[in-house]
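*Asks:* Have a look at the structure that comes next, please.
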Amino acid sequence: MALGSNHVTNTTAATFIPEIWSDEIIASYEKSLVVKPLVRAMSMTGKKGDTIHIPKPDRGNASAKAAETQVTLIAGTTDELVVTIDQHFEYSRLIEDITDVQALNSLRRFYTEDAGYALATKVDSAIIAESAGFTAQKSFVAGGLADEDGATTVAFNDAGFRAAIQILDDNNVPSDSRVFVIPPAVKRDMLGESQYISSDFVTGRPVENGKIGSLYGVDIFVSTNLETAGGETKCLLMHKDAIVFAEQLGVRTQTQYKQEFLADLMTADTLYGTETYRPEGGVVISTLV
């Protein structure tokens, strides 16, 4: 009996093939993100334009109410934050047919994981760079914190961490949604602090990306994307509203067969913008490594 002409081939099922790449790359991207989930995210997906205008109202004060008198009106002053969508990154691979035929299936898995990691690194690094706009730029010094300029920087110490928390408290930054982002070298130093390794610190709950626990009510995350130079590295203590991340194009994966090269071209890309929203809501702390 003849085979017939209604069988399924790579040509007729071509629309299904890119989804494998896309799903795996997005999964790897989400798994590799550490800092992005810790800041205020705003979606611009499907919208035209290259800027977002975010209202930034001032806080008001309550007034005492005297009997038989009019209430005290509060003059509303609203500023705005402009976020420019200007960061577009891509990851591309051209896989020749001979390689696709002869290579192990693990080759595609490596490329998808590598694409997700590379794009996640760019996103996290862009968010971290925004911390330069924080009002407080400090250094760990013996016995606490000091202004970054002219300070003799030392390794992480508990007194300095508590002083950084007080900076946020003094700025009336909400105590919830605070995080402390540290490099691996500071994690090493913190493991020597009794407050960190006590039974009260270890919760036993499932961890989030990069999360290693909490200290004084502040969740702690480890990232390898923090700036390091001259034997010093940066740590970030911040509230979720300190930085805004605006995404216009989530991770998109496209594949195309290039007959002139006898190869498949795979490209993953993303488009976004970042901006400091509440500069008083974050503290950058330099530490010796």
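*Asks:* What FRET efficiency comes out for the pair D149/V82, r = Cβ-Cβ distance, R0 = 35 Å, nearest 0.05?
*Replies:* Once rounded, the FRET efficiency stands at 0.75.
*Asks:* Further question: What does the convex hull of the Cα atoms of segment 21-166 come to per residue, in Å³, rounded to a whole number?
*Replies:* 251 Å³
*Asks:* Something else about it: Anything over 25 Å Cα to Cα? Flag those among K56/K122; K122/K234; K122/K187; K122/K258, in the order listed.
*Replies:* From K56/K122; K122/K234; K122/K187; K122/K258, over 25 Å: K56/K122; K122/K258.
*Asks:* Which of these, L38, L265, L236, has the largest mean-square fluctuation under a Gaussian network model of the chain (Cα springs below 10 Å)?
*Replies:* Residue with maximal mean-square fluctuation among L38, L265, L236: L265.
*Asks:* Tell me which aspartates and glutamates have Cα within less than 12 Å of K211's Cα, excluding those fewer than 8 residues away on the same chain?
*Replies:* D219
*Asks:* R0 = 35 Å: FRET efficiency of D158 with K31, Cβ-based, nearest 0.05?
*Replies:* Using R0 = 35 Å, I get an efficiency of 0.65.
*Asks:* Okay, next question. Kirkwood Rh and Cα-based Rg: tell me the resulting Rg over Rh for segment 23-107, rounded to two decimals.
*Replies:* Result: Rg/Rh = 1.32.
*Asks:* Alpha carbon centre of segment 106-160 versus segment 238-289: separation in Å?
*Replies:* 16 Å
*Asks:* Can you tell me, using C-alpha contacts under 8 Å and at least 6 residues apart, the relative contact order of the chain as a whole percent?
*Replies:* Answer for the chain is 30 percent.
*Asks:* Gaussian network model of the chain, Cα springs within a sub-10 Å range: biggest mean-square fluctuation belongs to which of F245, F221, F161?
*Replies:* Evaluated over the chain, the most mobile residue of the options is F161.
*Asks:* Moving on to the next point. With every protein chain left in place, what is the accessible area per residue of the chain in square angstrom, probe 1.4 Å?
*Replies:* About 57 Å² of surface per residue is accessible.
*Asks:* Could you point to the label whose value was computed as P(r) over Cα pairs in 10 Å bins from 0, in percent for the structure here, given [x] 5, 16, 16, 14, 12, 9, 8, 7, 4, 3, 2, 2, 1, 1, 1, 0; [y] 6, 28, 34, 22, 8, 1, 0; [z] 6, 22, 25, 20, 14, 8, 3, 2, 0, 0?
*Replies:* [z]
*Asks:* Follow-up question, since we're still on this one. Positive end of the dipole of the chain, charges at C-beta (+1 Lys, Arg; -1 Asp, Glu), about the Cα centre: which of A66, A268, L107 has its Cα farthest in that direction?
*Replies:* The one lying farthest along the dipole's positive direction is A66.
*Asks:* Once a ≥ b ≥ c are taken as the square roots of the eigenvalues of the Cα gyration tensor of segment 120-182, is the result rounded (a/c under 1.5), prolate (a/b larger than b/c) or oblate (a/b not larger than b/c)?
*Replies:* Oblate is the answer for segment 120-182, as a/c is 1.5 or above yet b/c matches or exceeds a/b.
The values are calculated or read from the model by the stated rules, or taken from the named source; none is laboratory data. Since this is a predicted model, take the numbers as computed values, not measurements. In this analysis, Cβ positions are derived from the backbone assuming ideal geometry, glycine residues included, and neighbour counts consider all displayed protein chains. SASA here: full protein model, heavy atoms, side chains in, ligands and nucleic acids out. Shrake-Rupley method; radii C 1.70, N 1.55, O 1.52, S 1.80 Å.
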